[in-house]
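> One structure, pasted below without further comment.
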Amino acid sequence: MATDYDAIFKAYDVRGTVGDQLDADGARAIGGAFARFTAKSGARAVLVGRDMRPEGEEFAAAFGEGALNHGVDVVDVGLCATDMLYYASGKLDMPGAVFTASHNPAGYNGIKMCGASAAPISSDSGLGAIKAMAIAGPDPSARKGIRSTRDLLSGYVDHVRSFVDLDSLDPLLVVADTANGMGGLVVPAVFDGLPLVLDHLYPELDGTFPNHPADPLQPENLRDLQDRVVELNADIGLAFDGDADRVFLVDETARPVSGSLTTAIIARSILAHDPGATVIHNLICSRTVPEVIAEGRGTAVRTRVGHSYIKQAMAETGAVFGGEHSGHYYFRDNFRADSGLIAALVVLEAISRHPAGLANLVSDLDRYAASGELNTVVEDAAVVIERVATAYADADQDRLDGLTVNLGDWWFNLRPSNTEPLLRLNLEASTPDDVQQRVAEVQAHFA
């Protein structure tokens with residue numbers, strides 16, 4: 001069956017089910033389109049990598065063939081985590097693409113693409129043009145590109161380690177659950193030789209995910225990690241998603257640490273070394289984040305949700321770090337790209353400097369109660385948002401991304417989904433009881 005381009009081109013990447021939505025022919029067409037698109041900016045070669053999903057090798061080869069047919073050279077970096085592809089793009093100043101469906105279950109695949117130096121390519125910066133060229137079909141060049149291979153793992157490992165003082169690391173007992181994803185390649189490589197004790201759950205690369213889905217945002221996928229942390233009396237648990245660009249923390253009591261509080265930990269650590277720096281956070285992060293940035297004498301900049309907005313704001317402001325509640329952490333010296341492993345090492349360094357442990361470190365930052373992201377099916381998200389805005393007309397409001405309403409001791413954000421008839425609510429208040437009451441209050445205006 002032909003590739004369903006309308007189904008697979010999303011806001012930030014390409015992603016869909018294998019066979020009925022994305023096949024090798026589609027990968028070949030998108031590879032040709034990517035080559036043509038990046039060549040307009042002067043690129044003469046592109047990087048191609050893949051994760052461990054069963055069809056990844058076939059799809060990456062087809063993508064590369066499409067690029068070669070358009071006269072662009074292809075550097076095949078083989079198996080790689082998404083942040084490893086970003087490192088390669090930045091280090092070599094080349095556009096790149098990695099075949100991955102991130103946290104999606106078996107049966108899915110996709111492509112994350114970037115411009116030279118890991119510049120984001122999303123729906124408003126090139127994905128639409130690539131889609132149109134893929135649909136239009138090939139426009140082959142008289143010159144066929146040259147394919148080569150390159151092993152970048154050792155360089156990537158050195159790069160990740162450069163973000164911390166390795167001598168400051170204590171011999172912490174770390175449990176890492178890589179869920180048969182690409183963390184199985186990069187986590188042990190980065191940890192090897194460091195004064196850390198690694199206990200590794202599900203290290204085998206297996207895109208059928210025989211143990212549990214590689215989606216640590218879902219609480220049920222953290223249970224094995226939590227049990228192992230308690231069993232071993234470990235100092236921390238790290239859960240990576242399928243392509244290892246995100247990491248989620250579990251403290252020594254097996255309690256999950258939110259992406260907001262992880263952002264605060266990293267921001268505090270970075271500002272201790274670079275006081276006065278600018279730090280980006282998206283607008284659904286906890287109020288704790290801008291408070292910690294201010295306490296560290298930094299400048300907080302609030303952005304829309306989404307990696308392209310974070311990276312744009314970092315480029316415009318020179319920010320040293322950016323964090324999202326969803327577990328993406330961006331570093332200026334990582335070509336403004338996100339990396340789960342860099343974030344993990346910065347947290348491990350922070351724990352090493354805070355001997356009371358991660359739970360104690362988090363307790364100082366756990367200042368508010370949050371709803372988490374609550375999704376509601378609605379007929380018309382725009383109509384509902386306007387109804388809610390009218391109901392809270394006397395409160396402070398902004399429309400940076402959907403609707404954010406600030407009511408002093410509590411606040412909420414409503415955003416429509418880009419791809420589904422869903423309205424996303426994030427709400428924060430003083431206590432869990434307050435959160436429950438306020439969520440019910442806001443949702444009463446949905447119907």
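> Considering Leu400, Leu407, Leu361, which residue is open to solvent by less than 60 Å² (accessible area, probe 1.4 Å) and within 25 Å of the chain's Cα centre (by Cα)?
The conditions single out Leu361.
> Could you give every pair whose Cβ atoms fall below 8 Å, whose first residue belongs to the range 354-381 and is of a type in the set (Phe, Trp, Tyr), and whose second residue is part of a strand (DSSP E or B), counting only separations of at least 6 or pairs across chains?
Taking only residues 6 or more apart or on different chains, the pairs are Tyr368/Glu428; Tyr368/Ala429.
> Which residues, taken from the range 156-192, are part of a loop (DSSP other than H, G, I, E, B) and either out of contact with any helix residue (DSSP H, G or I) (no Cβ under 7 Å at 6 or more places or on another chain) or of a type in the set (Gly, Ala, Ser) (or both)?
Ser162, Pro171, Ala179, Asn180, Gly181, Met182, Asp192
> Which of the residues spanning the range 217-230 are of a type outside the set (Lys, Arg) and in contact with a strand residue (DSSP E or B) (Cβ under 9 Å, 6 or more places away or on another chain)?
Leu217, Pro219, Asn221, Leu222, Asp224, Leu225, Gln226, Val229
Matching residues to (1) surrounded by fewer than 16 Cβ atoms within 10 Å (Cβ to Cβ); (2) modelled with pLDDT of 95 or more:
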| position | (1), (2) |
| --- | --- |
| Ala142 | yes, no |
| Asp165 | yes, yes |
| Pro171 | yes, yes |
| Pro216 | no, yes |
| Leu225 | no, yes |
| Ala234 | no, yes |
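> Could you tell me which residue of the range 324-336 is surrounded by the fewest Cβ atoms within 10 Å (Cβ to Cβ), considering only residues that are assigned to a strand (DSSP E or B) and in contact with a Gly (Cβ under 7 Å, 6 or more places away or on another chain)?
Step one: of the range 324-336, the residues assigned to a strand (DSSP E or B) are 329-331.
So of that shortlist, the ones also in contact with a Gly (Cβ under 7 Å, 6 or more places away or on another chain) come out as 329-330.
Values: Tyr329: 29, Tyr330: 25.
Checked the range 324-336; the qualifying residue surrounded by the fewest Cβ atoms within 10 Å (Cβ to Cβ) is Tyr330.
> Touching a residue at least 60 places away in the same chain (Cβ under 8 Å), in contact with a Leu (Cβ under 9 Å, 6 or more places away or on another chain) and assigned to a loop (DSSP other than H, G, I, E, B): is that true of Ser260 in this structure?
No: the conditions fail for Ser260.
> Could you say which residue among Ile280, Ile342, Ile310, Ile266 is in a strand (DSSP E or B) and either within 20 Å of the chain's Cα centre (by Cα) or aromatic (Phe, Trp, Tyr) (or both)?
Ile280
> For residues that are in a helix (DSSP H, G or I), in contact with a helix residue (DSSP H, G or I) (Cβ under 6 Å, 6 or more places away or on another chain) and open to solvent by 10 Å² or more (accessible area, probe 1.4 Å), tally how many sit in the range 33-62.
Residues in the range 33-62 being in a helix (DSSP H, G or I), in contact with a helix residue (DSSP H, G or I) (Cβ under 6 Å, 6 or more places away or on another chain) and open to solvent by 10 Å² or more (accessible area, probe 1.4 Å): 3 in total.
> Follow-up. Would it be correct to say that Ile293 is out of contact with any helix residue (DSSP H, G or I) (no Cβ under 9 Å at 6 or more places or on another chain), open to solvent by less than 10 Å² (accessible area, probe 1.4 Å) and either within 15 Å of Ile266 (Cβ to Cβ) or in a loop (DSSP other than H, G, I, E, B) (or both)?
Judged against the criteria, Ile293 is not a match.
> Would you call Leu374 on the phi < 0 side of the Ramachandran plot and buried (at least 20 other Cβ atoms within 10 Å of the Cβ)?
no
> Determine, yes or no, whether Val301 is free of Cβ contacts under 8 Å to residues at least 24 places away in the same chain and either open to solvent by 10 Å² or more (accessible area, probe 1.4 Å) or in contact with a Ser or Thr (Cβ under 9 Å, 6 or more places away or on another chain) (or both).
yes
> Looking only at residues in the range 102-150 that are within 28 Å of Arg332 (Cβ to Cβ) and among the charged types (D, E, K, R), which one is nearest to the chain's Cα centre (by Cα)?
Ranking the candidates gives Lys112 first.
> Looking at Glu65 and the list (1) farther than 16 Å from Gly181 by Cβ; (2) in contact (Cβ under 8 Å) with a residue 40 or more places away in the chain; (3) open to solvent by 10 Å² or more (accessible area, probe 1.4 Å), which single condition is not satisfied?
(2)
> Answer yes if at least one residue in the range 409-416 is over 28 Å from Lys10 (Cβ atoms) and of a type in the set (Lys, Arg), and no otherwise.
No, the range 409-416 contains no residue that is over 28 Å from Lys10 (Cβ atoms) and of a type in the set (Lys, Arg).
> So which residues in the range 193-220 are under 19 Å from Leu232 (Cα atoms) and not in a loop (DSSP other than H, G, I, E, B)?
Result: Val197, Leu198, Asp199, His200, Leu201.
> Still on this structure: Which of the residues that make up the range 69-78 are touching a Gly at 6+ places or on another chain (Cβ under 7 Å), aliphatic (A, V, I, L, M) and either part of a strand (DSSP E or B) or open to solvent by 20 Å² or more (accessible area, probe 1.4 Å) (or both)?
Residues satisfying the conditions are Val74, Val77.
> Within the group Ile284, Ile280, Ile310, which residue is touching a helix residue (DSSP H, G or I) at 6+ places or on another chain (Cβ under 7 Å) and crowded, with 24+ Cβ neighbours inside 10 Å?
Answer to the selection: Ile280.
> Would you tally the residues in the range 118-154 being within 27 Å of Ala189 (Cα to Cα) and in a loop (DSSP other than H, G, I, E, B)?
Number satisfying all stated conditions: 4.
The values are calculated or read from the model by the stated rules, or taken from the named source; none is laboratory data. Small disclaimer: the values here were computed from a predicted structure and weren't measured. Heads up, the Cβs are rebuilt from the backbone with ideal geometry, glycines too, and the neighbour counts pull from every protein chain shown. These area figures cover heavy atoms from the full protein model, side chains too; ligands, DNA and RNA do not enter into them. Shrake-Rupley method; radii C 1.70, N 1.55, O 1.52, S 1.80 Å.
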